[in-house]
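Following: one structure in structure tokens, then a few remarks.
The values are calculated or read from the model by the stated rules, or taken from the named source; none is laboratory data. On a predicted model such as this, the values are computed, not experimentally measured, just so you know. All Cβ positions, glycine included, derive from the backbone under ideal geometry; neighbour counts span all protein chains shown.
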Amino acid sequence: MKARMFWMSAALAASAACSAAAGEPDAPRLSYFAVPTQENTRNFSRTTRNYLSALETGNTGTVESALAHIAYLGLWMEKSQMECAKKEIESLVVSGNTPAIRYEASLACVALDSPELFAGARGRVYETGEEFFSALSSTMQETLLGYGDGH
């Protein structure tokens, strides 16, 4: 009985090691963003106000996270709902504390101006804000250089 349990444990461990070596995730990817729904957009103005406040903190990580969240919301919301946020983000394109903030702010502005360009980015799972901005950047490059259809 002990030998049988030992071999079963060894087989399970080997199977797990093979899965890890093959790059198969053990758990589903968790999204960095909440998908906007009718229910959770009721407090949209409060949510936006909070993200806009985060843009003013001066903390690089907080600003970058807020930019990612605002840009992601912009893919789901009406353009008119994002005008206030866009004005704040436009100022970061020029006056952001770091090159990364200025670049991410410019990507966010394009996303807010032309959310249809990034329709393929909607609903995908992003584990980080950087991964999201990388997808926006790739989409822009493909579209501007004529490599893809923007999705």
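Of note:
- Among the residues making up segment 109-140, a single one is of a type in the set (S, T, N, Q) and touching a residue at least 60 places away in the same chain (Cβ under 8 Å): THR128.
- Counting only residues that are outside any helix (DSSP H, G or I), out of contact with any helix residue (DSSP H, G or I) (no Cβ under 9 Å at 6 or more places or on another chain) and under 19 Å from SER31 (Cα atoms), segment 128-151 holds 0 of them.
- Here ALA121 passes the criteria (1) touching a helix residue (DSSP H, G or I) at 6+ places or on another chain (Cβ under 7 Å); (2) more than 18 Å from ALA34 (Cα to Cα) except the one numbered (2).
- For ASN97, the conditions (1) in contact with a Gly (Cβ under 9 Å, 6 or more places away or on another chain); (2) in a helix (DSSP H, G or I); (3) at pLDDT 90 or above all hold with the exception of (2).
- Close pairs (7 angstrom Cβ cut-off, 6 or more residues apart or separate chains): β-branched (Val, Ile, Thr) in segment 95-108, surrounded by fewer than 15 Cβ atoms within 10 Å (Cβ to Cβ) anywhere: THR98/THR60; ILE101/THR60
- Subset of segment 81-94 [touching a residue at least 24 places away in the same chain (Cβ under 8 Å) and of a type in the set (A, V, I, L, M, F, W, C)]: MET82, CYS84, ALA85, ILE89, LEU92
Table: residues versus (1) assigned to a helix (DSSP H, G or I); (2) over 23 Å from LEU144 (Cβ atoms); (3) of a type in the set (A, V, I, L, M); (4) within 15 Å of the chain's Cα centre (by Cα).
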position: SER45; (1), (2), (3), (4): yes, yes, no, no
position: SER53; (1), (2), (3), (4): yes, yes, no, no
position: GLY61; (1), (2), (3), (4): yes, yes, no, yes
position: GLU83; (1), (2), (3), (4): yes, yes, no, no
position: LEU92; (1), (2), (3), (4): yes, no, yes, no
position: TYR126; (1), (2), (3), (4): no, no, no, yes
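- Residue among LEU145, LEU136, LEU67 that is under 26 Å from SER45 (Cβ atoms) and out of contact with any Asp or Glu (no Cβ under 6 Å at 6 or more places or on another chain): LEU136
- Test: residue in segment 57-71 that is modelled with pLDDT under 90 and surrounded by fewer than 21 Cβ atoms within 10 Å (Cβ to Cβ): yes
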